[in-house]
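I have placed the structure first, in the form of structure tokens, so that the comments after it can refer back to it.
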Amino acid sequence: MSITSEQIRAAKAIIRWSGEDLAKAAGVSLSSIRRIEAVSGIPKAQNMRTVLAIRAALEAAGVDFIGSPDDRPGVRLKSAVLPATAVQSLLND
């Protein structure tokens, strides 16, 4: 299932991740995150591997992608999750 750039931005916001947090979790560069977020709608096919890595990272963090790109796309939390900064803080203590 495809996701939109808007869903990626919304997912980051709902779990309070920065672009850097997402890049690290997805194993992609920050510039790749920024390029994908800069477009409107579904990212281009040449970015699919990156989009799949982004989606996997966000889903692992507790994000649920709902709807489809053409029919009420959105995001919600599967369950309560900690923002990446809180998780990093706990690991560093």
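The values are calculated or read from the model by the stated rules, or taken from the named source; none is laboratory data. Fair warning: this is a prediction, and the values are worked out from it, not measured in the lab. Quick reminder, even Gly has a Cβ in these numbers, built from the backbone with ideal geometry, and neighbours come from all protein chains shown. With ligands, DNA and RNA removed, areas are computed over all heavy atoms of the protein, side chains included. Shrake-Rupley method; radii C 1.70, N 1.55, O 1.52, S 1.80 Å.
In straight-distance terms, cross-link reach from LYS24 covers every one of the lysines whose alpha-carbon lies under 18 Å from its own, apart from those fewer than eight places away in the same chain; here that gives LYS12. With each label modelled as a point 7 angstrom along the Cα→C-beta vector, the ALA13-ARG34 pair spans 2.0 nm.
Using a probe of 1.4 Å, the accessible surface attributed to ASP70 totals some 150 Å² when neighbouring protein chains are kept in position.
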